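Read-outs throughout are calculated quantities, based only on the coordinates presented, and are distinct from any laboratory measurement. Computed from a predicted structure; not experimentally measured. Heads up, the Cβs are rebuilt from the backbone with ideal geometry, glycines too, and the neighbour counts pull from every protein chain shown.
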Amino acid sequence: MQRADAGLGFIMQYENVAWFQDGKVRILDRRIYPIRTEYVTCQKHEEVAQAIADMVTQSGGPYTAASMGMVLACYESEAMKEADRLAYLKKAAYTLSHARPTTSAKMERFTGSILNAAAKAMREGGDVVDAAREKAVQDLNDRYNRFEPVGEIIASLIPKNGTILTQCWAETDIAMTLRACRNQGNEIKVICAETRPYFQGARLTASCARDMGFDVTVICDNMPAYTMKMKKIDLFTSAADVISCDGYVVNKIGTFQIALAADYWGVPYYATGNPNAAHPTIDTVTIEERDPELALHAMDVKLTLEGVKGYYPAFDITPPELITGIATVKGLMKPDELSGYFA
């Protein structure tokens with residue numbers, strides 16, 4: 001199998017996302033990279049689920065971690081009888097896919113894929129762990145390959161040597177966009193909003209862009225509107241944790257306000273991702289609210305006096321009228337066209 005992570009930044013290499021080996025899952029701790037390059041080692045699939053819940057990995061990372069967590073569950077259950085083992089794996093699939101509520105429907109596709117591969121190996125008398133691991137790597141490779149044309153779509157919309165603004169860490173989407181720009185000889189500039197409280201834009205997106213040789217600048221989360229004018233932003237792009245079939249983009253908190261500024265300045269906003277059939281309308285999406293204490297900290301440093309309260313919704317919702325287009329694996333679509341995506 002030809003790996004699809006060739007030429008991408010350190011953080012996009014498969015072993016540096018989440019990896020099963022020697023009965024353990026090792027996950028790059030994206031909460032602190034690149035300040036320190038450390039890994040969280042999980043010896044039980046429940047620990048993988050907790051790592052996902054604790055934001056050890058974000059963006060597309062949880063899907064890889066959940067898949068590798070399923071491989072670990074297969075390893076844990078080697079001594080069980082077939083019926084008991086299948087029940088154990090079904091429970092593990094639920095635990096891993098529901099580690100974070102907003103993306104559980106999408107996560108179920110990845111855990112379900114490994115579950116099916118494991119069940120097939122059991123029926124056929126094969127090595128269940130090997131089959132699950134092979135499927136996890138194949139799914140990871142397929143996911144990267146699947147989003148290569150999405151990156152090419154976004155790259156084709158950026159003017160020669162243009163400037164883009166990103167939000168949070170779009171992982172596969174932004175890495176494939178950068179690789180497509182490189183292949184097209186388009187030396188774009190990348191401006192990353194920092195994305196508090198975990199600073200994914202500053203630490204992850206900026207690191208990936210720098211690793212790949214691009215001119216990259218970090219701005220604070222309250223600077224996008226002014227920056228759009230002063231730095232002549234050509235395009236704003238973000239990934240999406242959920243895209244509802246009625247054209248709403250659910251993404252890292254702050255996306256909505258950047259989309260508002262982009263609309264004001266006439267800067268096109270292109271999201272990346274595919275609509276989710278589990279969310280036909282936006283009212284089916286649960287917005288995760290995380291520990292409010294995190295809003296009072298910056299990289300473990302408390303910023304406020306005791307008694308000051310925090311509020312931390314993890315995502316916000318950008319309505320269709322602020323979205324220029326959505327780059328999907330089926331091509332560029334308008335938000336009001338998504339209802340036909342599954343036709």
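Extents of region 10-144, taken as max minus min of Cα coordinates on every principal axis and listed largest first, are 46, 28, 26 Å.
Each Lys or Arg adds one and each Asp or Glu subtracts one; over the other residues with Cβ under 14 Å from the Cβ of residue 108, this totals +4.
Cross-link pairs exceeding 26 Å between alpha carbons, from the set 91/309; 44/135; 252/334; 229/302; 24/106: 91/309; 229/302.
Across region 45-59, coupling constants 3J(HN,Hα) worked out from phi with the 6.51/-1.76/1.60 Karplus curve, θ = phi - 60°, read 5, 5, 5, 5, 4, 5, 4, 4, 4, 7, 6, 4, 10, 9, 6 Hz, and Gly and Pro carry x. Ordering 19-25, 122-128, 171-177 by mean Cβ neighbour count within 10 Å, with the highest value first, yields 171-177, 19-25, 122-128. Annotation for residue 223 and residue 90: the two label points, set 7 Å from Cα along the Cα-Cβ direction, are 5.3 nm apart. For region 324-332, backbone phi angles converted through the Karplus equation (6.51, -1.76, 1.60; θ = phi - 60°) give residue-by-residue couplings of 5, x, 10, 7, 10, 5, 9, x, 7 Hz, Gly and Pro being listed as x. Estimated at 0.36 nm per residue, the fully extended path between residue 232 and residue 302 surpasses their Cα-Cα distance by 21.7 nm.
Treating r as the C-beta distance of residue 81 and residue 44 and R0 as 30 Å, the FRET efficiency rounds to 0.90. Of the peptides 310-317, 26-33, the ranking by mean beta-carbon count within 10 Å, highest at the top, reads 26-33, 310-317. Here the dipole of region 10-144 is about 380 debye; that uses its Cα centre as origin and unit charges on the Cβ of Lys and Arg (positive) and Asp and Glu (negative). Around the amide H of residue 189, modelled in the peptide plane, lie the amide H atoms of 162, 163, 164, all under 5 Å away and 5 or more residues distant in sequence or on another chain. Put a dot 7 Å past the Cα of residue 289, heading toward its Cβ, do the same for residue 343, and the two dots end up 4.0 nm apart. Net charge dipole, the chain: roughly 460 debye, given to the nearest 20, about the Cα centre with Cβ charges of +1 for Lys and Arg and -1 for Asp and Glu.
With the alpha-carbon atoms of region 220-306 aligned to their principal axes, the span from lowest to highest coordinate is 43, 36, 17 Å, starting with the largest.
Compute the long axis of helix 172-183 from its Cα atoms, compare it with the longest principal axis of the Cα atoms of the chain, and write down the angle in degrees, 0 to 90, nearest 10. That works out to roughly 60 degrees. What whole number of Å gives the distance from the Cα centroid of region 160-237 to the Cα centroid of region 260-312? If we compute the Cα centre of each part, the gap is 18 Å. Annotation: amide H-H contacts under 5 Å for residue 219 (H modelled 1.01 Å from N, sequence separation of 5 or more, or interchain): 192, 193, 194.
Taking only Cα atoms, what is the 0 to 90° angle, nearest 10, from helix 255-265's long axis to the longest principal axis of the chain? Roughly 30 degrees between the two axes.
Applying a DSSP loop filter and a limit of 16 other Cβ atoms within 10 Å to the trypsin sites (Lys or Arg not before Pro) in region 300-343 leaves 309, 330. With kT/(6 pi eta Rh) evaluated at 10 °C and eta = 1.306 mPa s, and Rh the Kirkwood radius from Cα pairs, region 158-340 diffuses with a coefficient of 94 µm²/s according to Stokes-Einstein.
Taking the DSSP bridge list for region 143-250 and keeping only pairs wholly inside it, about 15 percent are antiparallel.
Count Lys and Arg as plus one, Asp and Glu as minus one, and take only other residues whose Cβ is under 13 Å from that of residue 80; the net charge is then 0. Our helix-only sum for the chain, with -39,500 (n - 2.57) per DSSP H run of n ≥ 4 divided by its residues, gives a mean residue ellipticity at 222 nm of -12000 deg cm²/dmol. Highest mobility in the GNM of the chain, judged by mean-square fluctuation with C-alpha springs under 10 Å and restricted to 57, 37, 324, is found for 37. For residue 12, the shell of other residues with beta-carbons less than 10 Å away shows a net charge of -2, using +1 for Lys and Arg and -1 for Asp and Glu.
In order along region 15-23, the Karplus-derived 3J(HN,Hα) couplings, from 6.51 cos²θ - 1.76 cosθ + 1.60 at θ = phi - 60°, round to 5, 9, 9, 7, 8, 8, 7, 6, x Hz, and Gly and Pro are given as x.
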